[in-house]
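Structure first, commentary second.
Throughout, read-outs are computed from the coordinates displayed, never taken from laboratory work. Note that the coordinates shown come from a computational prediction; the quantities given were computed from them, not determined experimentally. All Cβ positions, even for glycine, are placed from backbone atoms using ideal geometry, and neighbour counts span all protein chains on display.
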Amino acid sequence: MLYKLGRTSTVKQSVIENALVTTGLTIVDVGLPTVRRFVELKNIDAKSTAAQERSGNGPAKTLSLGDLICLGYATERERPVLTGNRHWTTLGRHGLTVPVFDYRDAETNI
C-alpha cells in the first residue's frame, strides 16, 4: 500500500506513513514467513483463475503482489481478512485456509 501511495503522490513517504499511523493503522515489515506463503497462494490463485475462465464470467482476476502480502500475512497468523476484493472471496473454494469477509456483504458483521 505504501508503494502505491508513494508512486501516486507528491507527498514524502514519511508524511504518508505518519498520516496512516495517526489513524490507528499499524505498519509492519513483510517477513520471510509471510513471503514463504506466496507460492501456496499463487497455486490457490491459479485454481480460482482457471475456474473463472471455465465459467466464462468476464476476465479472470489474479492476485497482485499487494494481495499476496495481505493474504500471506493473514495466513501466517491464521487471521481472517476483510476485503472489498470479490476475487479473494473465491479463494476458500480452492484451498485458502483463512476466512475472507467482503465488507459489502450484508451477512458480514463488522
Checklist entry - For ALA46, which of the numbered conditions (1) of a type in the set (A, V, I, L, M); (2) under 28 Å from GLU107 (Cα atoms); (3) touching a residue at least 24 places away in the same chain (Cβ under 8 Å) fails to hold? => result (3)
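Yes/no matrix, rows are residues, columns are (1) more than 27 Å from GLY92 (Cα to Cα); (2) over 19 Å from the mean Cα position of the chain (by Cα); (3) surrounded by fewer than 12 Cβ atoms within 10 Å (Cβ to Cβ):
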| site | (1), (2), (3) |
| --- | --- |
| THR10 | yes, yes, yes |
| LEU20 | yes, no, no |
| LEU25 | no, no, yes |
| LEU32 | no, no, yes |
Next on the checklist: I'd like the full set of residues that are part of a helix (DSSP H, G or I) and among the small types (Gly, Ala, Ser), limited to segment 53-87.
Outcome noted: SER55, GLY66, GLY72, ALA74
Next on the checklist: Go through (1) without any contact (Cβ under 8 Å) to a residue 24 or more places away in the chain; (2) surrounded by 13 or more Cβ atoms within 10 Å (Cβ to Cβ); (3) not in a helix (DSSP H, G or I) for ILE16 and report which single condition fails.
Outcome noted: (3)
Item to check | Residue within segment 44-60 that is among the hydroxyl-bearing types (Ser, Thr, Tyr) and surrounded by fewer than 17 Cβ atoms within 10 Å (Cβ to Cβ) present | outcome: yes
